[in-house]
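The values are calculated or read from the model by the stated rules, or taken from the named source; none is laboratory data. Keep in mind that what you see is a predicted model, and the values were worked out from it rather than measured. Here the Cβ positions follow ideal geometry from the backbone for every residue, glycine too, while neighbour counts run over all protein chains shown. Ligands, DNA and RNA are stripped out before the accessible areas are found, and what is left, the full protein with its side chains, is counted by its heavy atoms. Shrake-Rupley method; radii C 1.70, N 1.55, O 1.52, S 1.80 Å.
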Amino acid sequence: MKLFVATSQNPDVEGAMRNLSELASRMEHARKAGCWIEAISLRLQYQDMWLRTYFENSGPKEERQREFGRLLRQCFEQGLHKALYDRLARFNKARIQAIHGFMVGSIAYGDLQTVVTDSDGLSEDLAEFVLLNSGQVVTLQDLEGRHANRGDQIFHLPSCIEHLRGRGPML
């Protein structure tokens with residue numbers, strides 16, 4: 001098991017858990033309905049959550065950047081693998097070009113599907129990397145009598161990794 005400290009001072013844990021429980025079904029609905037901007041946005045938010053988790057649970061503590069591209073760079077500087085960083089950077093660049101390109105007419109809405117399909121599996125790979133490469137290994141004995149902060153999470157890694165690998169690309 002691993003302990004991951006919260007990424008904000010006063011998180012709305014209940015609201016976050018409620019929304020996270022809906023994420024896969026919302027992504028599936030967006031894909032089926034061809035709502036590509038929604039799918040891209042949901043994917044970005046999920047990746048941002050995992051990058052924030054990685055940043056808070058690895059490396060030296062400095063002020064976390066809020067913009068996705070800058071946070072991604074900070075995570076790379078803290079040890080995010082280059083190949084994963086490159087894939088995330090490509091997705092982010094494609095996301096920006098797709099959404100802004102749609103608004104200015106340089107890309108048709110249907111062509112946004114490529115941004116989604118080209119990044120399938122990326123979120124799951126990021127989540128697995130974060131789970132395996134950050135956080136603090138804990139045992140049940142370590143947790144006895146220990147006070148956790150609101151929003152801290154404990155993951156049973158074998159179950160989480162099996163779930164990520166077994167479900168196929170969703171987010």
Pairing a residue in segment 130-153 that is more than 30 Å from Lys82 (Cα to Cα) and modelled with pLDDT under 85 with any residue that is in a loop (DSSP other than H, G, I, E, B) and not acidic (Asp, Glu), where Cβ atoms lie under 6 Å and the two sit 6 or more apart in sequence or on different chains, gives Asn149/Ala6
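Could you count how many residues in segment 108-137 are among the hydrophobic types (A, V, I, L, M, F, W, C), within 16 Å of Ala98 (Cα to Cα) and open to solvent by 30 Å² or more (accessible area, probe 1.4 Å)?
Going through segment 108-137 one residue at a time, the tally reaches 1.
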Pairing a residue in segment 28-44 that is within 15 Å of Ser123 (Cα to Cα) and in a helix (DSSP H, G or I) with any residue that is open to solvent by 30 Å² or more (accessible area, probe 1.4 Å) and β-branched (Val, Ile, Thr), where Cβ atoms lie under 8 Å and the two sit 6 or more apart in sequence or on different chains, gives Ile40/Ile99
query = basic (Lys, Arg) and under 16 Å from the mean Cα position of the chain (by Cα): does that describe Arg165?
reply = yes
Residue pairs qualifying under the 8 Å Cβ cut-off, at least six apart or on distinct chains, with the first in segment 56-77 being closer than 22 Å to Gln153 by Cα and at pLDDT 90 or above and the second being open to solvent by less than 40 Å² (accessible area, probe 1.4 Å) and of a type in the set (Val, Ile, Thr), are Glu56/Thr7; Asn57/Val130
Margin query: Whether any residue in segment 150-160 is more than 19 Å from Gly34 (Cβ to Cβ), open to solvent by less than 60 Å² (accessible area, probe 1.4 Å) and charged (D, E, K, R) is what I want to check.
Written below: yes
Every listed condition ((1) open to solvent by 40 Å² or more (accessible area, probe 1.4 Å); (2) without any contact (Cβ under 8 Å) to a residue 24 or more places away in the chain; (3) more than 29 Å from Lys61 (Cβ to Cβ)) holds for Met170 save (2)
Any hit, segment 79-96, residues being free of Cβ contacts under 8 Å to residues at least 12 places away in the same chain and among the hydroxyl-bearing types (Ser, Thr, Tyr): no
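Identify all residues within segment 73-84 that are part of a helix (DSSP H, G or I) and crowded, with 16+ Cβ neighbours inside 10 Å; write none if there are none. Lay out the reasoning, then the answer.
Start the filter on segment 73-84 by keeping residues that are part of a helix (DSSP H, G or I), which leaves 73-77, 82-84.
Gln74, Cys75, Phe76, Leu84, listed by residue number.
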Gln47 fails exactly one of (1) touching a residue at least 12 places away in the same chain (Cβ under 8 Å); (2) touching a Gly at 6+ places or on another chain (Cβ under 8 Å), namely (2)
Check: Do we have Glu144 as under 20 Å from the mean Cα position of the chain (by Cα) and of a type in the set (Asp, Glu) here?
Finding: no
